[in-house]
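Enquirer: My questions will all concern the structure given below.
Read-outs throughout are calculated quantities, based only on the coordinates presented, and are distinct from any laboratory measurement. None of these values were measured; they are calculated from a predicted model. In this analysis, Cβ positions are derived from the backbone assuming ideal geometry, glycine residues included, and neighbour counts consider all displayed protein chains.
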Amino acid sequence: MAADLPPGDQPGDKVRTLEQLLATREIVISCGSGGVGKTTTAAAVAAMAATHLGGKVLVLTVDPARRLATALGLEQFGNVETRVPDSAFAEAGVTPRGELWAAMLDTKQSWDDLVVRHAPDDKTRQAILANSIYQNISARFVQSHDYIAMERLYEIHSSGAYDLIVVDTPPTRNAIDFLDAPERMADFFSSKLLRWLTAPAKSRVVSMASKPFYVVADRILGSQFLEDIAEFFGLFQTMAPGFVARAEAVSRVLADRRTSFMVVSTLEAAPLHEAEFFIETLEARRYHLGALVLNKVLPAYLRRTATTGVARRMVTEAEAVAAGLAESGDVGDPGDVARVLSTVGESFLNYQVVAKREAEQRASLAHSPDVTAAVPYFESDIADLTGLLALGDQIWR
C-alpha cells in the first residue's frame, strides 16, 4: 500500500534532496570522469548518510584511491570492510546516528573468493587456484576488474549487512565497462572462443577454417601452452552456471528501484561532455539517475544584479575613487590604485559571465536527475572527515 512506502516513494511524491533520495535507496553508484571529485563526493555522501540517516553505510571504492583512507581516519583498508572509528567523527564534532564502513576492491582476492564460491567441488577449486595461468591472469583478465566489482557489490548487498552501499566507480568510459561487465561475462561463457579453448588440445577437431589458427599458435606458443590453456578454461567452464546466474542477478540489481546512480562532474567542457554521455547511457538503459552533483561551481552572488552595478562602478569610476583615497593619505600612487580597482571590477564582470553560463548549463541538465546539487570551490583540499562532512552539507538538503 502507498501508506507503507517510505517518503519519496509515495505515488506522486518527488524527491527534492539528496537526503530524501538516500533514505529510499539501498545502492547508490557514483560515476564520472577522472579529476572531478567523484571519490570524495561518494565518501562525503556515505558519511552524511551514516551521520543523519543512521544504519550501517558502506562506501566501496572500485577506483583505487588510498587517500580516501586518510580522509576517513583509517590507516588502510582493503577487500574486507573496515569501520570508520568513532574518534574520526568525534574529531569532526559530530555524533553519527549510524555506522560508516569502507572497503577497496582487491581484484585478485575477490577472484579467489569467487572460485571458492562457484567451483563445483573441492578438487576443481584447488586445481583452479593452483593453475599457473589463473594465478597470472586473474588480476588482468579481460573485464576481470569490472566484473569482480559488480560481483563484490552483489555479494555485499545480498548479505543484508548494510542499509546503504555507496559505490565509487572508475572514470566514466570505464564505468560503462563496469555496467556491461555482467552481460559480457555471461556472453563469454557461451562464446565460440571458449568452446575452442576448452576442447582437449590433442583431440581438438580442427576445421579448415580454424586450422591456420592452431598451426600458427602451436608454432609461436607451443602445444604445451595450448594444452595448459585448454585445461585452465576447461576447469573454469565448470563454474559457468554459477557465473551466468550471478551475472544475470547483478544486472537485475542495477535496474532495481532500490538502486540509483549519481553522476559527478564539473562544468568544464570535457568533464561535462562525459557527464552528458553517461546521463544519456543511463536513460537509454532505463537505470535510475537519482542525482547530479556538480563540483567547483562559482558562487551564486556572482549572478546578482546588484553586484553588477558595483563592479561597473569600480571600472568606470576607478580614477575618481583612487583620487579620493589619495587625498585621505591612505594609499600610495593613485594611478596604481585606479588600475587595481579597474582590474578587479573587470575580473568580477568576467566571472559573472561564466557564472551565468554555468547556471544555464545546470538548468539544461536538471531535467534528468531527481536531484541536482552544486558544490562551490573549497579553499583547501579535503583531507579528513571534517572536510567530507563540510562537502556533504553543501549537497545534502
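Enquirer: Taking the Cβ of each residue in 176, 156, 148, 27 as the centre, tally the other Cβ atoms inside 10 Å and list the residues starting with the fewest.
Expert: The order, fewest Cβ neighbours first, is 176, 156, 27, 148.
Enquirer: Next question. Which of 125, 246 has the fewest other C-beta atoms within 10 Å, and how do the rest follow up to the most?
Expert: In increasing order of surrounding Cβ atoms, one gets 125, 246.
Enquirer: For residue 123, which aspartates and glutamates qualify as cross-link partners when the Cα separation must be under 15 Å and same-chain residues fewer than eight apart are set aside?
Expert: The qualifying aspartates and glutamates are 112, 231.
Enquirer: For region 302-357, taking Cα atoms only, what is the radius of gyration to one decimal and the Dmax to the nearest whole Å?
Expert: 12.5, 41
Enquirer: Over what distance in Å are the Cα centres of region 273-297 and region 227-272 separated?
Expert: Using only Cα atoms to place each centre, the spacing works out to 19 Å.
Enquirer: Under a Cβ-Cβ cut-off of 11 Å, what is the net charge of the residues other than residue 346 that fall near it, where Lys and Arg count +1 and Asp and Glu count -1? Don't skip to the answer; put the middle values down first.
Expert: Values: positive: 312, 339; negative: none.
Once all neighbours under 11 Å are counted, the net charge is +2.
Enquirer: Continuing with the same structure: Order these by the 10 Å Cβ neighbour count, fewest first: 351, 134. Write down the numbers at each step before the final one.
Expert: On the way: 351 14, 134 19.
Ascending number of Cβ neighbours within 10 Å: 351, 134.
Enquirer: Shifting gears a bit: Work out from phi, with θ = phi - 60° and the Karplus expression 6.51 cos²θ - 1.76 cosθ + 1.60, the ³J(HN,Hα) of each residue of region 99-108, listed in order in whole Hz, and give x for Gly and Pro.
Expert: 10, 10, 10, 9, 8, 10, 4, 10, 4, 4
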